[in-house]
Every structure is written in structure tokens, then in C-alpha cells.
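The values are calculated or read from the model by the stated rules, or taken from the named source; none is laboratory data. Note that this is a predicted model, so its numbers are computed, not measured. Positions of Cβ are backbone-derived with ideal geometry, glycine not excepted, and every protein chain shown enters the neighbour counts.
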Amino acid sequence: MFRRFVLSTVLAVTLCLSFSFASAQGAPRDAEGHEWWQHAVFYEIYPRSYADSNNDGIGDLKGITSKLDYLKQLGVDAIWLTPCFPSPQVDFGYDVSDYQDIDPMYGTLTDFDRMASEGKSRDVRIIMDFVMNHTSDQHKWFLDSKSSRTAKYRDWYVWRDGKGSNRPPNNWLSTFGGPAWKFDAKTGQWYYHFFYPEQPDLNWRNPAVEKAMFDVTTWWYNRGVAGFRLDAVDTLFEDPELRDNPVLPGTNRYGDPNMENKYNTKLPELHDVLRKLRKVADEHGAVLIGETWTSDITELKKYYGEHSNELQMPMDLMFATVNKVSAPEFRRQIAAVDGAGGWPVYVISNHDIPRSYVRYGDGQHNDAIAKLMAGLYLTLRGTPIIYYGEEIGMENNDPKRKEDVKDPIGKLGWPQEKGRDGERTPMQWDDTANAGFSRSKPWLPVPPSYKTHNVATELKDPNSILSFYKQVLALRHTSHALLDGQYIALNENDPNVLSYLRKYKDETVLVALNMSPAAQKVSFDLSAQGLSDAKAKTLVTSMSQSQQEATLTNLTLEPFGVYIASIAK
Ligand code: GLC
Ligand code: CA
């Protein structure tokens with residue numbers, strides 16, 4: 001295409017410029033000013049648990065590549081892989097020992113390149129997990145750092161003297177239990193770890209650390225990666241004076257005193273790093289997704305950046321943990337994030353949060369509730385991230401005995417804290433042994449429900465959770481109202497039914513979600529939208545009895561029923 005037009009220098013120069021713009025900035029914005037990640041559906045994959053190509057019981061990259069057609073037909077545009085870099089696997093990959101390679105248990109860089117190019121040919125982008133707060137204690141930087149007080153990499157980590165005999169530098173606690181400091185006898189100092197002792201915190205005040213880590217992102221961008229999910233961003237910086245954190249009443253699930261992490265989380269300096277990291281991302285048309293644990297909207301807003309120059313996609317984990325099928329609670333949380341000035345990012349579970357199927361299920365209507373949740377997070381204004389297996393209604397499979405626990409926090413906190421194994425079990429592909437994930441014993445067991453809740457079975461059933469996800473996602477990809485429309489809350493005092501419009505120019509979609517176990521009658525007055533005599537035409541519904549057309553003044557919703565309709569006069 002480029003060569004055909006080299007007729008006039010002017011044209012050639014123009015094209016040159018626009019070509020370099022496109023490659024530097026990624027796909028250009030569409031007519032609405034939206035970028036690719038605003039219209040994309042994201043899907044989180046835990047590589048250990050997705051598909052095992054060599055039957056060693058652990059999922060791998062070739063396995064993921066073999067499932068790209070499945071992901072494409074589901075309606076996925078980008079996959080985020082949790083860490084698959086070389087790692088001693090103390091925290092199952094969140095302890096990285098080399099940022100520029102693939103762990104042999106998951107494959108090779110060649111397998112990665114093949115996955116990326118197969119993804120590219122299907123328009124499925126790859127997002128990597130960037131573990132920036134800490135490395136593994138086996139990373140060559142840390143091995144050097146702990147070798148002597150004058151080692152080249154000493155200052156790449158947070159080393160301090162203790163407070164006299166056997167006392168750490170301050171009272172900070174690891175979020176995974178116990179003190180956040182570990183004594184190193186060889187050099188007589190303590191190092192800081194917000195997570196496991198095998199995950200020493202990097203010292204982000206050292207410019208060499210910043211440079212090395214930024215170079216890692218560029219290296220992956222050049223390999224075709226479309227962005228990063230930034231792990232544990234809250235914890236990048238610590239108070240230089242190491243002030244003690246305020247102690248609160250009571251103890252946590254590890255038996256440690258409760259504490260406000262005032263001096264070791266959410267320090268303002270982290271925003272400088274995010275702004276710089278965003279600059280690098282922008283040069284590559286890449287997106288930055290944040291693991292942003294926030295307690296209110298003001299905190300979440302900060303992650304977008306004052307000038308929208310930090311994270312494009314900070315996850316609203318408050319939405320993810322509403323933990324109650326409640327119209328008023330979801331309505332409040334959606335209104336807050338929708339009005340926050342950034343582009344909302346919705347998730348309903350992930351590898352650290354128990355599966356939505358058990359958190360929201362009432363034991364009786366679980367499948368209906370799984371569809372209800374899909375009807376919610378896939379139709380809001382913003383980008384959804386689907387955790388693998390949510391689309392088939394996978395349930396948590398928590399270990400029954402302490403000796404079966406794999407996640408170290410489950411071993412330490414048993415039985416109050418059973419760890420995160422339950423939400424990380426193998427993807428359920430069919431009803432054969434091990435749910436078709438592997439021919440040998442998987443690293444974690446599949447729950448008995450795999451017999452009914454699996455891809456093969458659900459693909460054949462038009463009323464399955466999977467079929468419902470596919471319908472909603474297909475609609476989402478083609479509906480301007482769902483892609484670009486405003487979010488307009490309706491019937492805001494209804495305690496049972498969460499309803500809203502998505503409106504873009506002349507196109508209006510109504511979403512009504514019955515968040516109660518009883519049938520509900522609803523009526524909508526759309527005169528404020530100039531749609532007083534409008535009719536509803538069913539687009540997607542989870543209900544068995546549903547009219548093709550309905551009047552807006554008399555609509556019955558089945559228990560936990562989802563009704564999505566286009567509205568026209
Ligand atoms: C994030 C990850 C979690 C991991 C932790 C430490 O919270 O999501 O799985 O254990 O960071 O890297
Ligand atoms: Ca394998």
C-alpha cells in the first residue's frame with residue numbers, strides 16, 4: 001500500500017507521518033475518540049490452569065495457543081496472562097527471577113512468539129503481567145544485592161539496620177503474614193518484603209531500578225505485547241523515614257495485629273512512576289491496567305492521573321467485591337465509577353478473589369445469577385475483564401485439608417485463610433477426566449461440577465451460561481449504544497431491579513436486571529429521554545418466557561432474570 005502511493009513527495013511524506021503515528025500510537029482513535037482497549041473485551045488467563053499441551057499437569061503457552069479459536073468465538077479481543085516468566089513459583093509466578101524469558105514449565109520465547117502471532121492473526125492482543133514492586137529472592141539482582149553491603153545491586157532493594165538485638169527496623173507487617181522484614185545474617189541488615197520473604201521489594205527510589213524496569217516493558221512491547229497489567233502498584237514506595245504504622249484493634253487472619261498501612265502503601269511518589277511508565281506505553285500504543293485496590297472513588301480517580309496521564313485502565317475492585325446481589329449496592333458503585341471521569345474497568349473475580357459463582361450464588365439459582373452478573377458487567381459503559389472460567393460458571397474448589405493447600409498464605413492462615421487455590425483450578429473443557437485440561441493429574445483438582453459446567457457441554461446448550469456470555473458479547477461488539485453510549489440509571493429507588501439505558505445518538509439499549517429471587521414487575525418512564533411511547537425489542541434475555549416486543553409500562557422479570565432490549569419509537 002505504501003509503495004503504490006509514492007507518486008508525489010507530499011503524499012509520501014504524509015503517509016510516512018501517518019504510518020509512524022499509527023505504529024507509535026497503536027490503532028488510531030475511532031470517530032468517537034475511543035481507543036482499541038475501550039472497545040475490547042479482556043480475558044484473564046492463569047497459565048498454570050488453562051490448558052496443558054504436554055500433559056505434565058501444568059498449563060502452558062502451547063495450551064493457550066490451542067484455545068485461541070475458542071477465545072475468538074467467545075468474543076475476546078485481548079488476553080492478560082498472569083506471570084509466566086522464570087520463577088521459583090513460591091507465589092506461582094509473582095516471584096519473578098528473570099523478566100525477559102518464559103519459564104520452561106510454560107514453554108519458550110519461541111512458543112510465546114507463536115502465541116502472539118497466532119493471536120495477531122485473530123485480532124487477539126496479548127497483555128503481560130508486570131510484577132514491579134518486587135522480584136524473586138532468586139533474581140540475579142537480589143543475589144548480588146545480598147552478597148555484601150557494598151555490592152553493585154545493594155541499593156536496588158530496601159535494606160536497613162534493625163532496632164537493636166533481633167528487632168526489625170519498624171512494625172510493618174507483610175500482607176501475607178508476619179513481619180515485613182527479614183534479617184540477613186551475612187550482611188547484618190534487614191530487607192523489606194511487603195509480600196513473601198521470597199519477594200524482596202525493589203527500591204524504586206533508585207533511578208537504576210526504574211530504568212531497568214522500564215527497559216523490561218520496552219523489550220516486551222518490541223515483542224508485540226499490547227500492554228501490561230501492573231501488579232501491586234500500591235506498594236511501590238515506602239516512607240523514607242520508616243515511621244511505624246498505626247496499630248488498630250484486633251488481629252487479622254494470620255493472628256497479626258491489625259494495622260493501617262499508612263507509611264508503606266499508596267505513597268504519592270508512585271504516581272510519578274506511573275506517569276513515566278505511561279509515556280513509554282503511549283509510544284507503543286499500549287495500555288496499562290492497574291491492580292488498584294482502593295477504598296473509595298477518590299483513591300481510584302488518582303490512578304487515572306490528574307491529566308489522564310497515568311493508568312488508562314485502573315480496575316474497579318470495589319465493584320468486584322460488592323459481594324451481595326443487591327440492586328442498590330451495584331447502582332451506587334456503578335454511579336460512582338461512571339462519574340469518576342475516567343474509563344471504567346469492570347471485573348467480577350480474579351485469581352485473588354473467590355469466584356463470583358460462589359460469592360453471589362444462593363445455592364438455588366446459581367446459574368441464573370451467573371447470567372445476571374454477565375448481563376451486568378458486560379453491558380456497562382467501560383471495559384470488562386473476564387476471569388477465565390467465569391463464562392462457564394466455574395465454582396471455587398477450596399482445599400478440604402491443610403496438607404492439600406498449595407498457596408503459602410493458605411498454609412499459614414489455615415483454616416481462617418484457605419489461600420487462593422480454590423479460584424485457580426484448571427479450566428473445565430469437557431466432561432472427561434480432569435475436565436479435559438490434562439491427561440495427567442492436574443496441579444490443582446477440578447471440582448465435581450465440571451461434569452455439567454464445561455465448555456463442550458455448554459456450547460451445545462443454548463441456555464447455558466456460556467451461550468449467554470456469547471450472546472451478550474456478540475451484541476456488545478455490534479451495538480454502538482453498548483460500545484459508546486452514555487450510562488443512564490433508571491428507576492433509582494427500585495430495591496430489586498437494577499435498570500439502565502445505554503444511549504448513543506439515536507440508538508438506545510435498555511438493560512433490566514432482577515437482583516431478587518422473586519419475579520418482579522417493572523415499568524419505565526422514558527419521557528425524559530424523549531422516548532415516551534417507545535417500544536422495547538428483545539435483544540438478549542436469560543428468561544424462558546419472553547416476548548419479542550414489550551411495552552415499557554408492563555414488563556415482568558423472572559427471578560434473577562436479565563432483559564436487554566433495543567428501544568425505539
Ligand atoms: C498481586 C497478585 C497476587 C500476588 C501479589 C504479589 O496481588 O494479584 O496474586 O500474590 O500481587 O505479587
Ligand atoms: Ca504443561
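Quick grid of which residues meet (1) within 16 Å of Lys470 (Cβ to Cβ); (2) of a type outside the set (Asp, Glu); (3) within 16 Å of ligand 2 (Cβ to nearest atom); (4) outside the structural domain of Ser544 (by TED's automatic domain parsing):
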site: Ala370; (1), (2), (3), (4): yes, yes, no, yes
site: Asp404; (1), (2), (3), (4): no, no, no, yes
site: Lys411; (1), (2), (3), (4): no, yes, no, yes
site: Asp431; (1), (2), (3), (4): no, no, no, yes
site: Ala435; (1), (2), (3), (4): no, yes, yes, yes
site: Pro442; (1), (2), (3), (4): no, yes, yes, yes
Is it the case that the stretch 415-437 has a residue that's modelled with pLDDT of 95 or more, in contact with a strand residue (DSSP E or B) (Cβ under 7 Å, 6 or more places away or on another chain) and of a type in the set (Phe, Trp, Tyr)? no
Please go through the stretch 413-431 and pick out each residue that is touching a helix residue (DSSP H, G or I) at 6+ places or on another chain (Cβ under 7 Å) and more than 16 Å from Ile353 (Cβ to Cβ). Trp414, Pro426, Met427, Gln428, Trp429, Asp430, Asp431
The listed residue being of a type in the set (S, T, N, Q), over 27 Å from Asp155 (Cβ atoms) and out of contact with any Gly (no Cβ under 8 Å at 6 or more places or on another chain), out of Asn206, Asn222, Asn258, Asn245: Asn222
Enumeration of residues in the stretch 53-91 that are part of a loop (DSSP other than H, G, I, E, B), away from ligand 2 (no atom under 14 Å from the Cβ) and farther than 19 Å from Val287 by Cβ: Phe85, Pro86, Ser87, Pro88, Val90, Asp91
Please find, among Met318, Met259, the residue that is more than 22 Å from the chain's Cα centre (by Cα) and at pLDDT 95 or above. Met259
Going through the stretch 176-211 in order, the residues found to be free of Cβ contacts under 8 Å to residues at least 24 places away in the same chain and crowded, with 22+ Cβ neighbours inside 10 Å are Trp181
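Please state which one of Val225, Val216 is assigned by TED's automatic domain parsing to the domain that holds Asp272, under 24 Å from the mean Cα position of the chain (by Cα), in a loop (DSSP other than H, G, I, E, B) and at pLDDT 95 or above.
The conditions single out Val225.
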Residues of the stretch 39-52 being within 12 Å of ligand 2 (Cβ to nearest atom), assigned to a loop (DSSP other than H, G, I, E, B) and among the small types (Gly, Ala, Ser), which ones? Ala51
In the stretch 35-62, which residues are hydrophobic (A, V, I, L, M, F, W, C), within 16 Å of ligand 1 (Cβ to nearest atom) and within 23 Å of Asp338 (Cα to Cα)? Phe42
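Any residue at all in the stretch 519-526 that is among the polar types (S, T, N, Q), touching a Leu at 6+ places or on another chain (Cβ under 9 Å) and either outside the structural domain of Ile58 (by TED's automatic domain parsing) or within 19 Å of Val562 (Cα to Cα) (or both)?
Yes, because at least one residue in the stretch 519-526 is among the polar types (S, T, N, Q), touching a Leu at 6+ places or on another chain (Cβ under 9 Å) and either outside the structural domain of Ile58 (by TED's automatic domain parsing) or within 19 Å of Val562 (Cα to Cα) (or both).
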Find all pairs meeting these conditions: Cβ atoms under 7 angstrom apart; at least six residues apart or on different chains; first residue within the stretch 343-361 and in a helix (DSSP H, G or I); second residue more than 16 Å from ligand 2 (Cβ to nearest atom) and of a type in the set (Asp, Glu). Ser356/Glu390; Tyr357/Glu395; Val358/Glu395
Within the group Asp30, Asp69, Asp52, which residue is among the acidic types (Asp, Glu), more than 20 Å from the chain's Cα centre (by Cα) and crowded, with 19+ Cβ neighbours inside 10 Å? Asp52
Log entry, pairs with first residue in the stretch 32-57 being of a type in the set (A, V, I, L, M), second being assigned to a loop (DSSP other than H, G, I, E, B) and near ligand 2 (Cβ under 9 Å from one of its atoms), beta carbons closer than 6 Å, six or more apart or on different chains, reads Ala51/Gly59
Among the residues of the stretch 83-104, which ones are surrounded by fewer than 20 Cβ atoms within 10 Å (Cβ to Cβ) and closer than 20 Å to Ser49 by Cβ? Pro88, Gln89, Val90, Pro104
Give me the residue from the stretch 285-342 that is touching a residue at least 12 places away in the same chain (Cβ under 8 Å) and of a type in the set (Ser, Thr, Tyr) and, out of that set, farthest from Tyr377 (Cα to Cα). Ser308
